[in-house]
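The values are calculated or read from the model by the stated rules, or taken from the named source; none is laboratory data. Because the structure is predicted, anything quoted here is derived from the model rather than measured. Note that we place each Cβ from the backbone using ideal geometry, even for glycine, and neighbour counts take in every protein chain shown.
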């Protein structure tokens with residue numbers, strides 16, 4: 001399995017060019033992606049949205065938040081590995097302390113004393129970001145079944161991150177099921193929490209495929225700290241010049 | 001005589017701007033916007049928004065007030081033109097005016113409705129920094145029972161007025177979202193700008 005993942009990673013990465021992070025999108029497989037999108041929308045409509053609705057109505061907000069925090073906590077050791085791979089020692093230290101404090105004083109991550117009392121906010125990162133820091137381009141846009149919008153680089157990151165979390169190796173059955181279970185529940189909880197935004201995107205926008213691609217790429221580039229592109233800067237300056245130039 | 005000299009000066013300036021983009025970054029004299037002014041402008045905007053979302057008024061009343069805030073503090077011409085993109089080039093002047101006007105109402109309704117989710121919350125200005133040729137003023141929401149998020153206002157002087165020309169929520173730009181949306185709406189109407197304008201008047 002690990003060998004397979006490595007092979008996939010190498011294959012995908014050689015496809016990721018060094019350019020790419022900026023504005024706009026590179027989506028040569030739009031036809032295939034649009035079909036996947038239609039599938040994902042059907043899954044959302046028939047399964048995901050109703051399930052998240054039941055979950056949201058069945059559990060109190062505090063319980064849902066606690067499960068969401070526990071899921072983030074389980075993910076922290078994997079984030080530390082990525083912090084280290086990016087040579088971000090401060091991030092690694094903060095996430096490590098956060099994990100230690102919330103796993104103990106925070107009852108397995110259900111609470112967040114690290115954030116509330118120690119000012120240790122979560123520093124989210126993933127292997128996709130590690131690849132970005134290492135200089136790999138974002139590659140082509142791709143919509144993955146069940147998962148949703150991604151890029152080639154982010155997809156490699158997602159696959160590799162299945163193996164970067166030391167907890168996955170440290171825990172035995174059935175405790176090793178806690179993390180993936182909480183991740184799934186956290187996702188379902190987010191679907192409920194942001195229902196208005198997600199419904200507007202999937203069911204009210206004129207072209208939900210294009211808008212999902214647009215939102216994802218913006219959000220991901222923001223997360224990675226990609227600078228405003230030269231094209232967009234020029235476009236803004238040119239418009240101001242045209243409207244107000246002397 | 002006066003006219004021809006101003007035209008040649010315009011040509012000269014444009015040429016300069018095209019060759020050295022550094023000039024575009026330089027302050028344009030007495031009207032140049034300062035970080036302090038940009039930050040106060042956004043402080044006024046977020047104070048207005050906070051007051052609206054906590055006013056307890058009816059939705060239609062709140063939407064009206066949002067539209068007024070948007071018209072007063074946002075450079076709706078720049079936002080509307082950027083959302084129309086290349087299609088703005090082939091529009092007549094009256095179409096452009098009608099589009100900007102319809103767009104203002106559409107944005108106020110669409111986003112004003114979403115601001116209702118923030119009832120009981122607060123938005124505070126955090127910091128300001130120069131980015132390219134504009135100022136980015138960062139604000140953070142304090143919402144009841146939900147994680148704070150970041151709202152950036154991009155402020156730039158235009159025609160002697162300091163206004164924000166984009167708003168980004170956690171890095172998602174209103175202009176980029178609406179450019180996609182308006183583009184798709186125009187496509188599905190076979191590129192008919194007049195139909196788009198009349199539909200925008202009731203959309204959002």
Index of the failed condition, residue A:186 passing every other in (1) within 14 Å of chain B (Cβ to nearest Cβ); (2) out of contact with any strand residue (DSSP E or B) (no Cβ under 8 Å at 6 or more places or on another chain); (3) more than 23 Å from residue A:96 (Cα to Cα); (4) in a helix (DSSP H, G or I): (3)
Tally of residues being assigned to a loop (DSSP other than H, G, I, E, B) and touching a residue at least 60 places away in the same chain (Cβ under 8 Å) across the range A:199-227: 1
Identify, from the list A:61, A:65, the residue that is at pLDDT below 95 and surrounded by fewer than 17 Cβ atoms within 10 Å (Cβ to Cβ). A:61
Flag for residue B:168 being within 12 Å of another protein chain (Cβ to nearest Cβ), closer than 19 Å to residue B:45 by Cα and at pLDDT 95 or above: yes
Residue hits (the range B:97-110; within 11 Å of chain A (Cβ to nearest Cβ) and in contact with a helix residue (DSSP H, G or I) (Cβ under 7 Å, 6 or more places away or on another chain)) are none
Let me spell it out: the conditions are (1) within 12 Å of chain A (Cβ to nearest Cβ); (2) closer than 25 Å to residue A:122 by Cβ; (3) in contact with a helix residue (DSSP H, G or I) (Cβ under 8 Å, 6 or more places away or on another chain), and residue B:152 meets all of them except one. Which number is the exception? (3)
Would you mind finding the one in A:173, A:196 that is at the interface with chain B (Cβ under 9 Å from one of its Cβ atoms) and free of Cβ contacts under 8 Å to residues at least 40 places away in the same chain? A:196
